[in-house]
1. What pairs come out if I take residues in segment B:71-89 that are surrounded by 12 or more Cβ atoms within 10 Å (Cβ to Cβ) and pair them with residues that are assigned to a loop (DSSP other than H, G, I, E, B) whose C-beta lies under 7 Å away, six or more apart or interchain?
2. From (1) under 14 Å from the mean Cα position of the chain (by Cα); (2) in contact (Cβ under 8 Å) with a residue 40 or more places away in the chain; (3) surrounded by fewer than 17 Cβ atoms within 10 Å (Cβ to Cβ), pick out the condition that doesn't hold for residue A:282.
3. Take residue A:79 and tell me if it is part of a loop (DSSP other than H, G, I, E, B), over 17 Å from the mean Cα position of the chain (by Cα) and buried (at least 16 other Cβ atoms within 10 Å of the Cβ).
4. Would you mind telling me which numbered condition in (1) within 14 Å of another protein chain (Cβ to nearest Cβ); (2) free of Cβ contacts under 8 Å to residues at least 40 places away in the same chain; (3) surrounded by 17 or more Cβ atoms within 10 Å (Cβ to Cβ) residue A:93 fails?
5. Only one residue in A:104, A:39 is crowded, with 20+ Cβ neighbours inside 10 Å, in contact with a helix residue (DSSP H, G or I) (Cβ under 8 Å, 6 or more places away or on another chain) and part of a strand (DSSP E or B). Which one?
6. Can residue A:251 be described as over 22 Å from residue A:95 (Cβ atoms) and in contact with a strand residue (DSSP E or B) (Cβ under 9 Å, 6 or more places away or on another chain)?
7. Please pick out the residue among B:140, B:194 that is under 25 Å from residue B:243 (Cβ atoms) and touching a residue at least 24 places away in the same chain (Cβ under 8 Å).
8. Being within 14 Å of chain A (Cβ to nearest Cβ), surrounded by fewer than 20 Cβ atoms within 10 Å (Cβ to Cβ), on the phi < 0 side of the Ramachandran plot and free of Cβ contacts under 8 Å to residues at least 40 places away in the same chain is the filter here; which residues of segment B:208-227 pass it?
């Protein structure tokens, strides 16, 4: 019995070794990291607290820190002494092409994993699930979508939240007036100046804007979740070995119990450079994503 | 290119039964298509621009005239200073900033304005901004008249008001129709800033619809076409007015060149 299992273990170990040698041989990203001693991380300039600049071309954030942990892990696995990380700021428009053409090896911003993008790029396990929520003034008495009847609801032009609101209005028979901000700051100003009674947007954006406002205590995030979207680290599609290495690191980070600590650090504690507290509580959806690591696209989250 | 996108529903992006229902069931169709939405957005663009244009032409003609008043008494001198201040105030601030001022800042001081819908505030902003530019054109038109015209009016015993009403303005306003045409067309195009304060006009449609459908090329082509069409329609109307108001023998009448 024992002997068989030993043999089995030996076979498995050999197999793993072989496959890992194969993997290294086939993975252009891992090859590139080994030969150049450097890797390029795609980051966002102002997606607080996920990925943002803290000045002087330094970048930090929840996803950025996780990516650094992953890359550190891969560096050790490859037996390298040092690995230089180059930071490449990306935008919503260029992030997918930059990953596709190899400029960026690993994108650590705020990219929604959906089926359309999954045709062009690969996504690692989801570690953050964005929820579309409602922000209101604390004294408004609004507690749910139903309370929005006859109210003015702000959201930002050119976001999926606009479409989401429209669908909700039709489906639930709640009648509200939509007002549109040019960008998130404008939408928040609509709420602040009383032009709107509520601001519907991604939870982290709402929490960030509230934290940055004159009196954060005057605002509250309330009500049911209008939509959920998995935000994931993006890698090249044609390099499954690299993606497997990233996923293996993520599994390790989660297994070591680091995730709640990282959440506390970035979402519930003062963060540089201005020492604001985002103040977004850990959602059940994100907790669930940690417990059951997966790379399901957004479409799977909103199936009813 | 896939123009079929305009026949898809705005809720589920499935093809709809009646691609174009904007004219017959304006706003009542529970399942509007992107074409319906586009038409509605065009309507908002035209409404905001038309309101702004009326305001701009009235105020512009008034302020431009006031700037040329002879400084013969205290009241006239006040009017000249006031109209000069008006022009300098409204032509030195970018239009987008003016729109924000009318929407966010001014209502903070004049609470009545809070009840005004945003399209009205944008029309005011556009109207005032353009009125400053029209005022300068009207002033230039008046000052381009030979001084003999004014003297002749005075010699006939006309008061200042009468000489403006019967002699100066009928001449000057005819001269400035071509630059007024440009200004009116500019106003149509400038109305795109209305998207910034949540008027659901063409630019807002373009930004939103291209995010929802990922068909940016088709959406922007359609929106560009409608802007161009609107501005060109204004151009034709002004050309018609210019042609009909021409008086043979007058300064403008001597020119055989048609308006462009």
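1. B:76/B:69; B:76/B:70; B:77/B:71; B:79/B:69; B:80/B:69; B:80/B:71
2. In the conditions (1) under 14 Å from the mean Cα position of the chain (by Cα); (2) in contact (Cβ under 8 Å) with a residue 40 or more places away in the chain; (3) surrounded by fewer than 17 Cβ atoms within 10 Å (Cβ to Cβ), residue A:282 misses (2) alone.
3. No.
4. For residue A:93, the failing item is (3).
5. Testing whether each residue is crowded, with 20+ Cβ neighbours inside 10 Å, in contact with a helix residue (DSSP H, G or I) (Cβ under 8 Å, 6 or more places away or on another chain) and part of a strand (DSSP E or B) leaves just A:39.
6. Judged against the criteria, residue A:251 is not a match.
7. Testing whether each residue is under 25 Å from residue B:243 (Cβ atoms) and touching a residue at least 24 places away in the same chain (Cβ under 8 Å) leaves just B:140.
8. Selection gives B:210, B:211, B:216, B:220.
The numbers here are math on the coordinates, done by the rules we state, and not lab data. This is a predicted model, so every value here is computed, not measured. FYI the Cβ positions are ideal-geometry reconstructions off the backbone, even for glycines, and counts take in every protein chain you see.
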